[in-house]
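K.L.:
Dropping a structure here in structure tokens format, bear with me for questions.
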Amino acid sequence: MADVLRFTTLRVGIATLTVHGQVIEQDVRVLRASDGSYRWLGPTLSEPASTLEAAVAAAEAPPESSTEVSDISREVQWRDAITTFNRGEAPCPICGAPAPASPRYPRRLCPACVLEATDAQGRLLRFSNESMSGGFEARYADTGARHDSHDCFVRGLRCRADEARFGGIVVQAAGE
């Protein structure tokens, strides 16, 4: 079993992608991994970069498909500090970085901490909806085999992953 990478959030921003006049906004983060590499996290985790500057540049770069289509653009607005929280955010109960806040999910983890979720034996897990209609599934990151539990651990803290009310997946630190 490989060591699970731990991530530290260094920068947080909003990426605005404009495709054929339609605007899509997504959370984007630049992370430092415990192996010393830097990565950016948008819809997926990027490949490792050797420097913070390279990871930031990759996060700001237009999507590769935009070289073929002229009306696709990407702009990232970075926050000045990740220790202040915008409306609708709360500190992640694991690392303290900004996480989406919700009365329904008061102990919700930030996206970087979700990447560290393991089973009780330390095997890395990935969570997703079963289909476009929703549902919940957990799979081992190394084999893709199904993990038949909602329970997981992040940095030794018991957590629970589940389908969010209006779609997607939410991982929360377990209550005391």
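The values are calculated or read from the model by the stated rules, or taken from the named source; none is laboratory data. If you're wondering where the values come from, they're calculated on a predicted model, not measured in any experiment. All Cβ positions, even for glycine, are placed from backbone atoms using ideal geometry, and neighbour counts span all protein chains on display.
K.L.:
Considering only the range 36-48, how many residues are under 24 Å from T83 (Cα atoms) and loosely packed, with under 14 Cβ neighbours inside 10 Å? Lay out the reasoning, then the answer.
P.N.:
First pass over the range 36-48, keeping only residues under 24 Å from T83 (Cα atoms): 36-46.
Going one step further and asking which of them are loosely packed, with under 14 Cβ neighbours inside 10 Å, we end up with 36, 43-44.
The number of residues fulfilling the criteria is 3.
K.L.:
Being more than 27 Å from R139 (Cα to Cα), touching a strand residue (DSSP E or B) at 6+ places or on another chain (Cβ under 7 Å) and part of a loop (DSSP other than H, G, I, E, B) is the filter here, so list the residues in the range 87-124 that pass it.
P.N.:
Passing the criteria: only G88.
K.L.:
Does N129 meet the test of being among the polar types (S, T, N, Q), at pLDDT below 90 and in contact with a Phe, Trp or Tyr (Cβ under 9 Å, 6 or more places away or on another chain)?
P.N.:
Details: among the polar types (S, T, N, Q): yes; at pLDDT below 90: yes; in contact with a Phe, Trp or Tyr (Cβ under 9 Å, 6 or more places away or on another chain): yes.
Here the answer is yes, as N129 does meet what is asked.
K.L.:
Of all residues being modelled with pLDDT of 90 or more and hydrophobic (A, V, I, L, M, F, W, C) in the range 49-68, which is surrounded by the most Cβ atoms within 10 Å (Cβ to Cβ)? Just the residue, please.
P.N.:
Looking at residues that are modelled with pLDDT of 90 or more and hydrophobic (A, V, I, L, M, F, W, C), I get A55.
K.L.:
Would you please name the residue that is nearest to L5 (Cα to Cα), looking only at residues in the range 19-35 that are in a strand (DSSP E or B) and not β-branched (V, I, T)? Steps first, please.
P.N.:
Just the residues of the range 19-35 that are in a strand (DSSP E or B), to begin with: 19, 22-33.
Retained after the next criterion (residues that are not β-branched (V, I, T)): 22, 25-27, 29, 31-33.
Details: Q22: 36, E25: 27, Q26: 23, D27: 21, R29: 16, L31: 11, R32: 10, A33: 6 Å.
My answer is A33.
K.L.:
Here is a follow-up. Considering the range 142-176 alone, what residues qualify as being aliphatic (A, V, I, L, M) and without any contact (Cβ under 8 Å) to a residue 12 or more places away in the chain?
P.N.:
Our first condition is that a residue be aliphatic (A, V, I, L, M); within the range 142-176, this holds for 145, 154, 157, 161, 164, 169-171, 173-174.
Of everything in the range 142-176, just one residue is aliphatic (A, V, I, L, M) and without any contact (Cβ under 8 Å) to a residue 12 or more places away in the chain, namely A145.
K.L.:
Without any contact (Cβ under 8 Å) to a residue 24 or more places away in the chain and either touching a helix residue (DSSP H, G or I) at 6+ places or on another chain (Cβ under 9 Å) or not aliphatic (A, V, I, L, M) (or both): which single residue out of E75, E116, E47 fits that description?
P.N.:
Details: E75 fails: without any contact (Cβ under 8 Å) to a residue 24 or more places away in the chain; E116 fails: without any contact (Cβ under 8 Å) to a residue 24 or more places away in the chain.
So the residue among E75, E116, E47 that is without any contact (Cβ under 8 Å) to a residue 24 or more places away in the chain and either touching a helix residue (DSSP H, G or I) at 6+ places or on another chain (Cβ under 9 Å) or not aliphatic (A, V, I, L, M) (or both) is E47.
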